[in-house]
Protein chains: 4
Amino acid sequence: MARVLKYAMVGGGPGSFIGGAHRRAIAIEGKAQLVCGAFSRDAAKSAQMAEELHLDPARCYPTYKEMLAAEAGNIDFVVIVTPNFSHYEIAKACLEAGVNVSCDKPVTISYAQAAELRELAKEKDVLFMVTYTYTGHVTAKYMRDIIKRGDIGEVRMVMAEYPQGWLAFEGDNGGKQGEWRTDPKRSGGVNCLGDLGTHVENFIAMATGLKIKKVLAKLDIVVPGRVLDDNDSVMVQYDNGASGFYWTSQIAIGYDNALRIRIYGSKGTIEWFQETPDKITIIDADNTIREVHRGYKQITPTAAKYGRLPSGHTEGWLEAMGNLYTSFAECILARENGTFTPDMIDYQTVAAGAEGLAFVEACLKSTNNGNIWVDVEE
Amino acid sequence: MARVLKYAMVGGGPGSFIGGAHRRAIAIEGKAQLVCGAFSRDAAKSAQMAEELHLDPARCYPTYKEMLAAEAGNIDFVVIVTPNFSHYEIAKACLEAGVNVSCDKPVTISYAQAAELRELAKEKDVLFMVTYTYTGHVTAKYMRDIIKRGDIGEVRMVMAEYPQGWLAFEGDNGGKQGEWRTDPKRSGGVNCLGDLGTHVENFIAMATGLKIKKVLAKLDIVVPGRVLDDNDSVMVQYDNGASGFYWTSQIAIGYDNALRIRIYGSKGTIEWFQETPDKITIIDADNTIREVHRGYKQITPTAAKYGRLPSGHTEGWLEAMGNLYTSFAECILARENGTFTPDMIDYQTVAAGAEGLAFVEACLKSTNNGNIWVDVEE
Amino acid sequence: MARVLKYAMVGGGPGSFIGGAHRRAIAIEGKAQLVCGAFSRDAAKSAQMAEELHLDPARCYPTYKEMLAAEAGNIDFVVIVTPNFSHYEIAKACLEAGVNVSCDKPVTISYAQAAELRELAKEKDVLFMVTYTYTGHVTAKYMRDIIKRGDIGEVRMVMAEYPQGWLAFEGDNGGKQGEWRTDPKRSGGVNCLGDLGTHVENFIAMATGLKIKKVLAKLDIVVPGRVLDDNDSVMVQYDNGASGFYWTSQIAIGYDNALRIRIYGSKGTIEWFQETPDKITIIDADNTIREVHRGYKQITPTAAKYGRLPSGHTEGWLEAMGNLYTSFAECILARENGTFTPDMIDYQTVAAGAEGLAFVEACLKSTNNGNIWVDVEE
Amino acid sequence: MARVLKYAMVGGGPGSFIGGAHRRAIAIEGKAQLVCGAFSRDAAKSAQMAEELHLDPARCYPTYKEMLAAEAGNIDFVVIVTPNFSHYEIAKACLEAGVNVSCDKPVTISYAQAAELRELAKEKDVLFMVTYTYTGHVTAKYMRDIIKRGDIGEVRMVMAEYPQGWLAFEGDNGGKQGEWRTDPKRSGGVNCLGDLGTHVENFIAMATGLKIKKVLAKLDIVVPGRVLDDNDSVMVQYDNGASGFYWTSQIAIGYDNALRIRIYGSKGTIEWFQETPDKITIIDADNTIREVHRGYKQITPTAAKYGRLPSGHTEGWLEAMGNLYTSFAECILARENGTFTPDMIDYQTVAAGAEGLAFVEACLKSTNNGNIWVDVEE
């Protein structure tokens, strides 16, 4: 039997949503075990979290640097779940210590940082996952598989949107979560586009395999008093000549987390909605609808293998994130066993993370120059 | 009791879909009666249609000119349902003869033509309706009413789309209907945008009361072998500072006639879908959904008056078009009775039709100049 | 060209919903013209309606008897749209005068009456249509056609329901409409079951071709103060051994007119919903969903011929009723021309109407005897 | 900090779906840890599972009896996930050993067995949870809370259904899962009703607080060659006079796991669907729809406390089961700490499990006596 991997966490202290999410997602499959951490810049809070997690107090560190110094040799990977602006320095330290990294998205707050990490990961030969959760769904992987094998023909048009409503109101910047997102000092020039636009960009890249050639973006600041974008429209041109349109928003009242994907091909159409992730709709050229559910025999083996339950028994967001870790753990073990090949990687890497930042920066440049077409950095 | 109006028809011969549609829409309410026509450029076909309609053969004319010469004094209005490129000359002749006009959309194939008709209608003091059918739905009028009274606050973002799939396939230009639409000689520079984009532009103008200040358009020719647009993306900037995005397409496999409107305001959201026109969704600031149906007591009287059936008893496209004629007939009779005031007009006029052409031409100019912002002609 | 038929109307005076509905439904196709009527027991109201309809005042009669005496030879059919309890006597008089009848449903308020009319219609050799509107939809006829040809195999289970919410509230008997429905003197022993249950019974009989062998009914009186049923549960056993369950209700808050049909066969499933009648869902044995729309090429010719508009252009309740009259008019003309055969009848007849009453009476008997199985009269 | 509980598992060996489900559900929250087990009657398979789970081989036992003998003092609870027919003897042994029990549903295959366990649990003063997963959803608990506080007034009618399609085909008894379910020797007289009907009965009891007074059931054997029911219709009469109808089926092609609940009250309506468990629909008396999502501020605190993620981030079936264990673990710890009160129990107990068997047996009796009303054993 495969051994249980050991991991450390940076960030994810008391009150952190995303830290608990990663821990639960990993626990579902039980392929890795949390053994140490630096959960907060506040040592007392960090210790409190260690206690809640029944962790050895001696393995709870005041800083990630001390943790890496003491534990780099004992752990299989580090999970970075701090606010976005600190990802870069922490990830860099992990890479330099030769430790595999799982980092929440966006991987950094500039393309330059992300590209540097991407090169460093190559140089140090470590694995670097960026946790784009939605790509973990069985149906998302199925979408990728059937587009690749040609089920809908050539992709011609992509309509992708990710509207939310939580920042729709004047005088309300969305509490703790929203505060740093809407603050240019901590967010790196964009708010909505960094949080939601990068998800859309990554999901479409994963699903279609298309590269974005250029973008034309209009980043709106809608709510009075705000200084960063909260409603973004982006026209996209792909390398195969297809068009796309990405809409991300935080002012769409009544929308929770409405990542919706529609892909139009020369032979059919695919529709997918994040809030009902156990199904996917394929429309054939003759208008036949195939609503395929996770668990159906139509699901490709490379997607189906991540499912846990029969169709009709819902799997959700934690399960999708768990799937990322399933692949990450497999790759780590395969490298240990000498059976690793790069095509085993079934998660989004730091290279994909860097593409996200290149997308963001091209959109910013476009909007700052009057909504002109801007090439996306390779 | 109000007398039954008399109308003539130009176009709408054997095999014409739209001619029969107008005749049926008018018949539902029975406020006007077809008395004469010039149904086809082919006299035999025209006579055949007259017979089918149980019309006096003597009142079936070989040309619209002869018809106007003989009947201008006997009729209350003319319905023009010929292909788009001939609307201009026929409507002009009607106006010059002092006859009220109901013309299918788009009213002409250039802004100059439409503006000329608009001015001529003013000069001759005749009524000129352009039959944008979707604006006739009770729920569409209700949308207009509640936006006007502030139910969703200030409009901030409009997402409007009208995808179809009937022209998705290479080597198939959609039969008789599609042939002239995809032919630049008869379509006036655009295919998809002229057919669908004008519907979207008009519907949003009607619903929100917003004026488009400028557009940035990307008209795609997707299907190989085609010379006019079949997939259009348009960024819109309104006079109140709000943003919009209009997507119209004929290559979206699996979509019939999917005009979908979403309007995001500072206090709520409205969603409406042409294929289920008996309901409209309003989302309040606290996420409460109000799915209001035609026939509910919430419907404003100015919208409700057009309904015929209790809620849950579907009314469709013909009924919506019938509603346009209800208002048109009321206005004609009110002018006869001396009770007419301009605010009675509850249908789209030639002025709205001209705005549609201005929109189309601005989009064409934008796309021909590399997708730049272009002001829309007033 | 076929001549325009002439019809008379009994009932449908000022304020009547159903009279106007029939007139509009007939007007859509224009195959028949209203020429005379007895619109109300109140002569002044009758005359008012005649004026509104631009009818010759001389052909507006104070009673249906006088009308029949004067007009029987001039008209092709009579439309009966009076309250249910008077259908019997009026229809009987029409039959005896040898005039074709179109009567709203339920055809009478007892099985004995309906059976008598059925036999009388045979004897007098006249056509007798009962206007079960929902059976007129293109998708309803398509359902019938594909079940007949075996697309879903043998029918095994039927789930049919028709909930409404308009009588849910204590102290509110639903105004003019509800007043006589909830009054045993005028309703014939049932309220909800007579209005809604007969629709369900008829629709399933039409769609599946199955005969009901026996029923086990539980008719509830839910709202305090009411004396007739307002919520009905009926277990059904068909002649092929299949089971069914029919639920009809007037206390389902939030439901307008929610006739929903689900039919489970040995090879697939069919789902249909009255409030979105332009589509029907078929699920194949491999879970493939085929959402077929009116206007699609899959629609059988015997159903498709009733459609007027392309798919995506909604047709509603009036159009469905219009379709009944299309077939009725065809049959009348075919009898005139000597081309009639009984299989041309594509509407519900008085025989189907009698089956509805047999169903109602068996349900009443079942519920009055403690919810036991009761055979349905042939 | 609360200590981590220790649990044992009986059943759940290699290839078992339900064993892995319980282990994952518990792991999400990490409040309990698997320490020993008797995973299979086959000792080799049991050992294989222990190894997969990284368990101490010495704590993997060939039989549950040996396990209890060795470990009763070391564990906080036992999870029983064997086939239904063996639940009784295993649970009894646990109770006699004074160990808390979590048992999959149905708790036994007869009411007598279940009632005996219920009494034994009282006598031994141990906790006994039956894992009705669907009751664990936040939205299910919210439904219970708002019905209790009167949001929809008095419950008048319940429509509940749980159709599946996996056993629709002749000659296919659904593999390993279906084989014992359709076998009377191992299933206890019912197939579909035992698996699905008990879920419906329990869910409605939990949600409404109503007791079933009597049932009238029609258990169908639809698929040729089968000897147990595969399609069940049950009329229900509750103690408050309300009516209900429960439909459960395994022959509904195209349905995965379609537990759908609709509850009609004197002031409103509630709709809930298991396959989209993160939302619930409430319709008010004025037709306003409130689609409330897990994570919305409207959710009652007693339901909201089980949520992990913001609204729009899906939680599924494992999370719902995890919620049962959250309450179970809280109760176990509270008893240890002396803070336990019975109203802390927020999971379904063996008493609810016994009610399920009483329901099944009354339905069997009804159907065997010609579908008569049968009182349900208290």
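Each residue in the range D:18-38 was checked for being assigned to a helix (DSSP H, G or I), farther than 20 Å from D:Pro83 by Cβ and of a type in the set (Val, Ile, Thr), and 2 pass. Of all residues in the range D:170-194, those satisfying the criterion of being in a helix (DSSP H, G or I) and modelled with pLDDT of 85 or more are D:Cys192, D:Leu193, D:Gly194.
Can we say D:Ala69 is at pLDDT 95 or above, in a helix (DSSP H, G or I) and surrounded by 17 or more Cβ atoms within 10 Å (Cβ to Cβ)? Considered against the rule, which asks whether it is at pLDDT 95 or above, in a helix (DSSP H, G or I) and surrounded by 17 or more Cβ atoms within 10 Å (Cβ to Cβ), D:Ala69 comes out as no. Contact annotation: residue pairs with Cβ atoms under 9 Å, 6 or more positions apart or on different chains, pairing a residue in the range B:261-276 that is free of Cβ contacts under 8 Å to residues at least 24 places away in the same chain and more than 9 Å from every other protein chain (Cβ to nearest Cβ) with a partner that is part of a strand (DSSP E or B) and surrounded by fewer than 24 Cβ atoms within 10 Å (Cβ to Cβ), are B:Phe273/B:Arg260; B:Phe273/B:Ile261; B:Phe273/B:Lys279; B:Phe273/B:Thr281. State whether one or more residues within the range A:220-234 are in a strand (DSSP E or B), farther than 30 Å from A:Ile147 by Cα and not basic (Lys, Arg). Checking the range A:220-234: at least one residue is in a strand (DSSP E or B), farther than 30 Å from A:Ile147 by Cα and not basic (Lys, Arg).
Here's the yes/no breakdown for (1) closer than 30 Å to A:Ile270 by Cβ; (2) within 14 Å of chain D (Cβ to nearest Cβ); (3) within 24 Å of the chain's Cα centre (by Cα); (4) of a type outside the set (Val, Ile, Thr):
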{"site": "A:Ser40", "(1), (2), (3), (4)": "no, no, yes, yes"}
{"site": "A:Ser46", "(1), (2), (3), (4)": "no, no, no, yes"}
{"site": "A:Tyr61", "(1), (2), (3), (4)": "no, no, no, yes"}
{"site": "A:Tyr111", "(1), (2), (3), (4)": "yes, no, yes, yes"}
{"site": "A:His137", "(1), (2), (3), (4)": "yes, yes, yes, yes"}
{"site": "A:Tyr142", "(1), (2), (3), (4)": "yes, no, yes, yes"}
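Total residues in the range D:93-135 satisfying the condition of being of a type outside the set (A, V, I, L, M, F, W, C), in a helix (DSSP H, G or I) and touching a Gly at 6+ places or on another chain (Cβ under 7 Å): the figure is 1. In the condition set (1) crowded, with 22+ Cβ neighbours inside 10 Å; (2) closer than 19 Å to A:Ile283 by Cα; (3) not β-branched (Val, Ile, Thr), C:Glu291 is compliant with all but (1). Of the residues making up the range B:352-372, just one is in contact with an Asp or Glu (Cβ under 9 Å, 6 or more places away or on another chain), among the hydrophobic types (A, V, I, L, M, F, W, C) and within 14 Å of chain A (Cβ to nearest Cβ), namely B:Cys363. Filtered by the rule that a residue be of a type in the set (Val, Ile, Thr) and either touching a residue at least 60 places away in the same chain (Cβ under 8 Å) or part of a strand (DSSP E or B) (or both), the range B:202-219 gives B:Thr208, B:Ile212, B:Val215.
Looking only at residues of the range D:301-321 that are touching a Lys or Arg at 6+ places or on another chain (Cβ under 8 Å) and under 20 Å from D:Pro342 (Cα atoms), we find that the one that is farthest from the other protein chains (Cβ to nearest Cβ) is D:Thr302. Only one of the listed residues (A:Val126, A:Val130, A:Val158) is under 23 Å from A:Thr208 (Cβ atoms), surrounded by 20 or more Cβ atoms within 10 Å (Cβ to Cβ) and outside the structural domain of A:Phe359 (by TED's automatic domain parsing). That residue is A:Val130. Of the listed requirements (1) over 24 Å from C:Gly322 (Cβ atoms); (2) in contact (Cβ under 8 Å) with a residue 60 or more places away in the chain, C:Glu89 misses just one: (2). Among the candidates A:Asp286, A:Asp239, A:Asp229, the residue that is away from chain D (no Cβ under 14 Å) and over 30 Å from B:Val222 (Cα atoms) is uniquely A:Asp229.
Of all the numbered requirements in (1) touching a residue at least 40 places away in the same chain (Cβ under 8 Å); (2) within 26 Å of the chain's Cα centre (by Cα); (3) within 14 Å of another protein chain (Cβ to nearest Cβ), A:Val4 misses one, and that requirement is (1). Answer yes or no as to whether D:Ile221 is surrounded by fewer than 20 Cβ atoms within 10 Å (Cβ to Cβ), aliphatic (A, V, I, L, M), over 19 Å from the mean Cα position of the chain (by Cα) and modelled with pLDDT of 95 or more. Against the criterion (surrounded by fewer than 20 Cβ atoms within 10 Å (Cβ to Cβ), aliphatic (A, V, I, L, M), over 19 Å from the mean Cα position of the chain (by Cα) and modelled with pLDDT of 95 or more), D:Ile221 qualifies.
Restricting attention to the range B:347-378, the residues that are modelled with pLDDT under 95 and under 19 Å from the mean Cα position of the chain (by Cα) add up to 0.
Of all residues in the range D:96-130 being among the charged types (D, E, K, R) and in contact (Cβ under 8 Å) with a residue 40 or more places away in the chain, which is nearest to D:Gly194 (Cα to Cα)? Among those residues, the one meeting the criterion is D:Lys105.
I'm checking my understanding of the structure. Among residues of the range B:7-22 that are at the interface with chain C (Cβ under 8 Å from one of its Cβ atoms) and closer than 30 Å to C:Met49 by Cβ, which one is surrounded by the most Cβ atoms within 10 Å (Cβ to Cβ)? Here the residue is B:Ala21.
When B:Leu167 is tested against (1) part of a loop (DSSP other than H, G, I, E, B); (2) modelled with pLDDT under 95, only condition (2) is not met. Only one entry in D:Thr108, D:Thr198 is assigned by TED's automatic domain parsing to the domain that holds D:Asp232 and of a type in the set (S, T, N, Q), namely D:Thr198. Of all residues in the range C:167-201, which are of a type in the set (Phe, Trp, Tyr) and without any contact (Cβ under 8 Å) to a residue 60 or more places away in the chain? Hit for the range C:167-201 is C:Phe169, nothing else. Scanning the range C:229-284 for residues that are within 21 Å of the chain's Cα centre (by Cα) and among the polar types (S, T, N, Q) yields C:Asn231, C:Ser233, C:Thr248, C:Ser249, C:Gln250, C:Asn257, C:Gln274, C:Thr276.
The values are calculated or read from the model by the stated rules, or taken from the named source; none is laboratory data. Predicted model only: the values in this text are computed from it and were never measured. Glycine also receives a Cβ, built like all others from the backbone with ideal geometry; neighbour counts cover every protein chain displayed.
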